[in-house]
Amino acid sequence: MTIGEGFDETDDDLPDFGSEFYSKYEPKEVLGRGISSVVRRCVDRKTQQEYAVKIIDISNEKASEAETEALKEATRNEVDILRKVSGHPNIIGFVDCFESLTFFFLVFELCKNGELFDHLTRVVTLSEKKTRQVMRHIFEAVRHVHSFGIVHRDLKPENILLDESMTVKVTDFGFAVELQETELLTDLCGTPGYLSPEILKCNMNLDADGYHKEVDLWACGVIMYTLLVGSPPFWHRKQMVMLRAIMDGRYQFSSPEWDDISDYPKDLISKLLVVDPSKRLTAEQALQHPFFESAEAQKGTPQFVPRRKFKAAVFVVRCIHKMKHWSGHFPISLQAVKEDPYRIKDIRKVIDGCAFRIYAHWVKKGEDQNRAALFENSAKVELKRMVSERRNRFRRKTPNLGSSSTSDVFMF
Ligand code: ADP
Ligand code: MG
């Protein structure tokens, strides 16, 4: 839902009206929901400034006293951690907190562009340039969080928000924990597709004693992979098979999706999706990777060579001439389109975009598997079949296009 639309106070009972929160803020429409929380837009009654409030219900009648106490404890931990890490440009701004007998109200800066997850569902994939910008923000946030000895443990596109200027804000510190350098964690928490091998191994009694902050860097690898091609690196309909692939670090830069992507992002991903956490890059090291150097710096500092300068000048003149006569389209052989339309980047974007528009309602939050299902081979084969049937019908109507000679081109 777009911010500001569809608010109806009768839709949802607003909780705990007596709370101090209401004297300061006016709650508005729902922005998102979690297992025990609802996030709403809210407005400061005095300044009219907009915020987001996470309302956590600690009064569930079905929950035992111990469970309620655990939820209260977890929320206080979330608040403590937010107070420590907030203030960084890529971490959600934490503004206010109210606690009543039945609810917690956590007030945050409002991210008008919502979740990175929804943005990705709209655009399907991000370019390398856009991925560089988003990942730099994520790594900056992770470096900041880790510098306090805090592990986030639930990094995924649903917990990465975008503000008005599309700046990344890492949020949801509900699973975050502060720990000593030598301390190891063992509890299983996070979202299946983003879990690191060491989290899974120590929960299956395999060769791992526990895990530390490296789990966030594994999740960054999964996010970066997903941003570039729209589908996650580890997925199988049978979850156990997927978890096995994660533990073995088995994933591919599969063709054709990865064919048009350069080596630097692949290299960075392959240094994050490393099974041994001690060999995985840290956030600091990831930020030093050549993928984050400017395009100019990546080419190296050019020396002055007169012959090369002359060649470059000729090249520029030729380019200008070509651009003058360039229509903005480029030719693709009809044969190539007929045989494998999905291999061609621009057609692939159209096909994936259509699939997302038709089936986006299948993509449930927190279940990255459904996103992956949209990219399954069978679906591609089906689309390919449909495209070739349409092409054949078109050819029957226009027999002149029927020749398979390589000189057959059409503008895309
Ligand atoms: P949970 O712990 O229940 O997952 P989150 O803190 O992740 O709670 O918030 C749930 C959802 O609410 C987010 O995924 C997002 O869609 C929305 N949301 C949370 N905080 C904000 C915010 N500051 N601005 C806009 N939307 C938000
Ligand atoms: Mg969340």
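For the stretch 103-117, the residues whose backbone nitrogen is under 14 Å from a point 7 Å from the Cα of Lys24, taken along Cα to Cβ, are 104-109.
Given R₀ = 41 Å, FRET efficiency for Lys238-Leu184 by Cβ-Cβ distance, to 0.05? So, using R0 = 41 Å, E works out to roughly 0.90. Annotation for Gln288 and Ser147: the two label points, set 7 Å from Cα along the Cα-Cβ direction, are 1.6 nm apart. Placing +1 on the Cβ of every Lys and Arg and -1 on the Cβ of every Asp and Glu, with no other charges, gives the stretch 124-239 a dipole of roughly 600 debye about its Cα centre.
Remind me, what semi-axes does the stretch 116-295 give for its equivalent ellipsoid, largest first in whole Å, using sqrt of 5 times each Cα gyration tensor eigenvalue?
Each semi-axis is √(5λ); the values are 24, 20, 16 Å.
One Cα centroid belongs to the stretch 142-164, the other to the stretch 263-279; the line between them spans 19 Å.
Within 10 Å of each residue's Cβ, count the other Cβ atoms and sort Ile347, Ile58 from fewest upward.
Least crowded to most crowded, the residues run Ile347, Ile58.
Pairs over the 25 Å Cα-Cα cut-off, from the set Lys129/Lys271; Lys169/Lys279; Lys84/Lys266; Lys84/Lys213; Lys129/Lys169: Lys169/Lys279; Lys84/Lys266. Restricting the trypsin sites (Lys or Arg not before Pro) of the stretch 192-282 to loop positions (DSSP other than H, G, I, E, B) with no more than 11 neighbouring Cβ atoms within 10 Å leaves Arg237, Lys238. Compactness ratio for the stretch 20-109: Cα radius of gyration over 2.2 N^0.38 Å (N = residue count) comes to 1.10.
Every number here is computed from the coordinates shown, using simple stated rules; none is lab data. Only a predicted model underlies this, so the values are computations on that prediction, with no experimental measurement involved. Because the Cβ atoms are built from the backbone with ideal geometry, glycine has one as well, and the counts that use them run over all protein chains shown.
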